[in-house]
Amino acid sequence: MHRPVVAFFASAEDRRRLVRCVVGLVLCGAGFSLLVRADLGLDPWDVFHQGVSERVGLPIGVVTVLTGFVVLLAWIPLRERPGVGTILNALLIGTTMDLILPHLGQAQAWPAAWAMLVGGVLITGVGIGLYIGAGLGPGPRDGVMTGLARRGMSIRLARTAIELTALVVGWALGGRIGIGTVVFAVTIGPVAQFTLGRLSLPPREARRAQAAAVTPTGGTPGSGPGR
């Protein structure tokens, strides 16, 4: 079970996890900002948010927040638990985009647009690897991905299926797509699987077991102080 927010300042390891989580979420915000300025199509979830926004008449930002709460309901059958990372996800990605977008120029030519698109996918993928790999809890949408992965589906397949579902539903609701939308939908899954495999920290349970096995000088396994 994830611990309360204040508990994550209790040890050097937890502070390290918190820093990695925050850096990862900021990178996600930066990556999404590049996708917006590339102007080659919104990422699949924003296509969905835009489609719902146009149907119900709510601002896209409000739809994004409400969608996050609705998606959290899918965590119940998957037995996912929210954590500090879940809360930070809701707060930091949008805030980062609001800070970056005013200072990021629109792509004026195809080479620049494609460079922004590819850079956005890669940066977002690294951000996912850092913040989910920190083990503080995924965001609402990523929690569905990790929940499916724990039930035998690969990260690549789970992420791609989720992105394509959001894309199709969003398009049916009137959201606008482009070549960048398709590129993001089919590449972010493999990129996320690659980065998670290399950037994830060991679970706390594994760290505690490792620490318990460490013995003082001249001791034997299990002879150290208890927890």
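The values are calculated or read from the model by the stated rules, or taken from the named source; none is laboratory data. All of these numbers come straight from a predicted model, not from anything done at the bench. Neighbour counts run over all protein chains shown; Cβ positions are idealised from the backbone, glycine included.
For this structure, a couple of remarks:
- Cβ-Cβ under 7 Å pairs, at least 6 apart or on other chains, segment 62-88 side touching a residue at least 60 places away in the same chain (Cβ under 8 Å), far side surrounded by fewer than 16 Cβ atoms within 10 Å (Cβ to Cβ): Arg81/Met1; Val84/Val5
- The single residue among Thr86, Thr95, Thr124 that is among the hydroxyl-bearing types (Ser, Thr, Tyr), in contact with a helix residue (DSSP H, G or I) (Cβ under 8 Å, 6 or more places away or on another chain) and under 16 Å from Arg159 (Cα atoms) turns out to be Thr124.
- Test: residue in segment 123-132 that is over 17 Å from Ile76 (Cβ atoms), touching a residue at least 60 places away in the same chain (Cβ under 8 Å) and over 10 Å from the mean Cα position of the chain (by Cα): yes
- Selection from segment 31-81 of residues that are within 22 Å of Val186 (Cα to Cα), among the small types (Gly, Ala, Ser) and part of a loop (DSSP other than H, G, I, E, B): Gly41
- Scanning segment 163-192 for residues that are part of a helix (DSSP H, G or I) and surrounded by fewer than 22 Cβ atoms within 10 Å (Cβ to Cβ) yields a total of 13.
- Condition check for Leu34: in contact with a Gly (Cβ under 9 Å, 6 or more places away or on another chain) and either closer than 17 Å to Thr165 by Cα or at pLDDT below 85 (or both): no
- Of all the criteria given as (1) farther than 17 Å from Gly174 by Cβ; (2) out of contact with any Gly (no Cβ under 6 Å at 6 or more places or on another chain); (3) modelled with pLDDT under 90; (4) buried (at least 20 other Cβ atoms within 10 Å of the Cβ), the one not satisfied by Asp43 is (1).
- Only one of Leu27, Leu18 that is at pLDDT 90 or above and within 15 Å of Asp142 (Cβ to Cβ): Leu27
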